[in-house]
Amino acid sequence: MSEILVLVEHVEGQVKKVTLELLTLARKLGAPSAVWAGPGYTAEAQARLAEHGAEKVYVADSADIADHVVAPKAELLAQLATEKSAAAVLVAATAEAKEIAARLAIKLDAGILTDVVGIQDGMVAEHSIFGGGVNVRARVTKGLPIIAVRPNSTPVEAAAGAGAEERVSVAVSDAAKAVRVVERVKEEKGARPELTEAAIVVSGGRGVGSAENFSIIEKLADSLGAAVGASRAATDAGWYPHQFQVGQTGKTVSPQLYIAAGISGAIQHRAGMQTAKTIVAINKDPEAPIFELADFGVVGDLHQVVPQLTEEIAKRK
Amino acid sequence: MNIVVCVKQVPDTATERKLRSDDKTLDRDAADGVINELCEYAVEEALRLKEAHGGEVTVLTMGPGKATDTIRKALAMGADKAVHLVDDALHGSDALGTSYALAQTLKKIGFDLVVLGSESTDARTGVLAAMLAERLGVPQLTFSNKVEVSGETITAQRVTDYGYDRVEASLPAVVSVVEKINEPRYPSFKGIMAAKKKPVTTFGIADAEIDASQVGLANSWSEVVDFAAAPPRAAGTIVKDEGDGGVKTADFLASKKFV
Ligand SMILES: Cc1cc2nc3c(=O)[nH]c(=O)nc-3n(C[C@H](O)[C@H](O)[C@H](O)COP(=O)(O)OP(=O)(O)OC[C@H]3O[C@@H](n4cnc5c(N)ncnc54)[C@H](O)[C@@H]3O)c2cc1C
Ligand SMILES: Nc1ncnc2c1ncn2[C@@H]1O[C@H](COP(=O)(O)O)[C@@H](O)[C@H]1O
């Protein structure tokens, strides 16, 4: 069976959930080979990849990959795709991985499909566009398919693979080393799950009213083990950091449950959350467009409803 | 510094956007064309860099005839001149084709710095800056919320999930910007009047030495198989808060096994 290369997303040595989703998808298309680029590789990571079907694990952890962004990883994937005659390359639809895929596409003269939510037989990719209003099926017609898949769009299924480790050395070109990382700045993150990976997201908008009041959104999120998101009105006002913005110019999330409090549901916000499986809205305006999407909605003041909900959840635990 | 800013005209997200039933491409006639919002931030950043370091700002757009509206908007903000790449052969180009056509044009017109938005509201691929950097063989400083140039050195803050990376390279380079980088200026009346007299050069594919076999719908690296309106979500239950809205929500979450 031909190899399907899966670029592993990892932080501090931990494999991210989206990678397990990609491996689950890759198993339907061929023999999954995980590609680990950068530092932090461990036997534990190898085991996790194998448990989800990786037949091979290619490891390239040289300093060249750690000290530069995007370009060296594209060279690594290009080398592997050619050497192994891979049938497809899957990456997560994150900003960096999409850029890696973009450069890879040019190197291999191969087509790229971004922000895919499913892959059918014959490598036909499913997209959800225009803020979830239209479903499109597309396929690559030249070269091997390079597909960037939206996190949380495929349920993870475990299935053992051999997980055979193979060290890879890449001769990273000088051109790919042209951008140097001078410093990596980590901003306070807290213990909450990452926004794009979280099974539950609780978001606040202009209706929250202030930065201080975002604590009621955080408390609800924590009671559910959820990530916190925000509308652009809230991030523009400086009530919550921009990296948590959900929507067209923020993150796209596809959680099992999305709770929107004090968010009107503008098209640009919907573009980032419309594929959530279950949507709950709390808004004092019965005409707010977010209610058109909601599986359950409460017309009321979030300052009353949200704390009561948090308390109820605590009681029922 | 010779700065080229790539701007794109996109259908207004406030109107209903459609795909064409004939060739399955974006229906650019169905909705009003507006400048891609992130491109306004790119224009603003280009203007600020010019104000700080001198030089010239050229607007580059690939798009149909009506994209001239978008070019005028960028000129009214303060850009000096524009190149409009327009040719029927370009219709339906995908990201690879578009990046090839823009890269050929950039080689022709020359640049020290190319500035793009990090994403367009229609294609939403967010890949164009990386593709241009790859094709042009120059460094990419993308998803930037801060850009500084000092002599031949360019530094930027690349936004990441954990915060940001400070990255550094030498000019010439490709930059893409996120919306937190600046606040785009509104064109002044004077700016709007001045824009009418600024030079706009029209390029066809031959002018930019674009190989016709690398662009257009028929030569794209991917194709749309089919598309359909997403099935509407089933109507949900909406309740009015009578002092028990939180409890009712908890009941709903429990019924779905979230609590
Ligand atoms: C190109 C472009 C890109 C954009 N990208 C994004 C994006 O990525 N993400 C995004 O979110 N937006 C984006 N926007 C902005 C978007 O159009 C909306 O302006 C934004 O989503 C509004 O945020 P909001 O719902 O919090 O605020 P509003 O629209 O002001 O809505 C606030 C809501 O809160 C309700 N409310 C007020 N007080 C209370 C209370 N006490 N209790 C309960 N409810 C209350 C109100 O009834 C109202 O419905 C973009 C816009 C453009 C033009
Ligand atoms: N046809 C085009 N003409 C000029 N610039 C473009 C074009 N398409 C995309 N761009 C640039 O690429 C950026 C990202 O677009 P995209 O990769 O389509 O999401 C935009 O913000 C523009 O700066």
The stretch B:107-127 residues that are polar (S, T, N, Q) and within 9 Å of ligand 2 (Cβ to nearest atom), paired with ones that are assigned to a loop (DSSP other than H, G, I, E, B) and open to solvent by 40 Å² or more (accessible area, probe 1.4 Å) (beta carbon under 6 Å, 6 or more apart): B:SER120/B:LYS8
Yes/no for A:ALA260 being out of contact with any Ser or Thr (no Cβ under 7 Å at 6 or more places or on another chain) and open to solvent by less than 10 Å² (accessible area, probe 1.4 Å): no
Residue satisfying condition, being under 30 Å from B:ALA30 (Cα atoms), of a type outside the set (A, V, I, L, M), out of contact with any Ser or Thr (no Cβ under 6 Å at 6 or more places or on another chain) and assigned to a loop (DSSP other than H, G, I, E, B), within set A:GLY131, A:GLY190: A:GLY131
Qualifying positions in the stretch B:141-165 - among the hydrophobic types (A, V, I, L, M, F, W, C) and open to solvent by 10 Å² or more (accessible area, probe 1.4 Å): B:PHE143, B:VAL147, B:VAL149, B:VAL159
Residue in the stretch A:208-227 that is buried (at least 23 other Cβ atoms within 10 Å of the Cβ), within 11 Å of ligand 1 (Cβ to nearest atom), under 21 Å from B:GLY245 (Cα atoms) and not assigned by TED's automatic domain parsing to the domain that holds A:ALA92 present: yes
Residue count, the stretch A:105-126 (criterion: in contact (Cβ under 8 Å) with a residue 12 or more places away in the chain and either among the small types (Gly, Ala, Ser) or facing another protein chain (nearest Cβ under 9 Å) (or both)): 13
Any hit, the stretch A:153-163, residues being part of a strand (DSSP E or B) and not aliphatic (A, V, I, L, M): no
Residues (modelled with pLDDT of 95 or more, under 28 Å from B:ASP12 (Cβ atoms), surrounded by 24 or more Cβ atoms within 10 Å (Cβ to Cβ) and near ligand 1 (Cβ under 8 Å from one of its atoms)) located in the stretch A:270-317: A:ASN283, A:ILE290
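A quick yes/no check of all residues on (1) more than 14 Å from chain B (Cβ to nearest Cβ); (2) loosely packed, with under 14 Cβ neighbours inside 10 Å; (3) away from ligand 2 (no atom under 16 Å from the Cβ):
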site: A:GLY163; (1), (2), (3): yes, no, yes
site: A:ARG167; (1), (2), (3): yes, yes, yes
site: A:ARG184; (1), (2), (3): no, no, yes
site: A:ARG192; (1), (2), (3): no, no, yes
Test for B:ASP207: is it out of contact with any His (no Cβ under 6 Å at 6 or more places or on another chain), more than 8 Å from every other protein chain (Cβ to nearest Cβ) and more than 18 Å from A:VAL181 (Cβ to Cβ): yes
Selection count where residues are loosely packed, with under 15 Cβ neighbours inside 10 Å, within 30 Å of B:LEU96 (Cα to Cα) and free of Cβ contacts under 8 Å to residues at least 60 places away in the same chain, scope the stretch B:180-210: 1
Residues that are closer than 15 Å to B:GLU44 by Cβ and part of a helix (DSSP H, G or I), drawn from the stretch B:71-92: B:LYS73, B:ALA74, B:LEU75, B:ALA76, B:MET77
The stretch B:13-62, residues that are within 12 Å of the chain's Cα centre (by Cα) and in a loop (DSSP other than H, G, I, E, B): B:ASN36
Count - residues of the stretch B:26-61 that are more than 15 Å from B:GLU119 (Cα to Cα) and open to solvent by 20 Å² or more (accessible area, probe 1.4 Å): 15
Spans of strands (runs of 3 or more DSSP E) in the stretch A:207-317 with at least 2 residues within 11 Å of chain B (Cβ to nearest Cβ) and more than 17 Å from the chain's Cα centre (by Cα): A:257-261, A:278-283, A:296-299
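The values are calculated or read from the model by the stated rules, or taken from the named source; none is laboratory data. Since the model is a prediction, treat every value here as computed from it, not as a measurement. Note that we place each Cβ from the backbone using ideal geometry, even for glycine, and neighbour counts take in every protein chain shown. Surface accessibility is based on the protein's heavy atoms, side chains included, excluding ligands, DNA and RNA. Shrake-Rupley method; radii C 1.70, N 1.55, O 1.52, S 1.80 Å.
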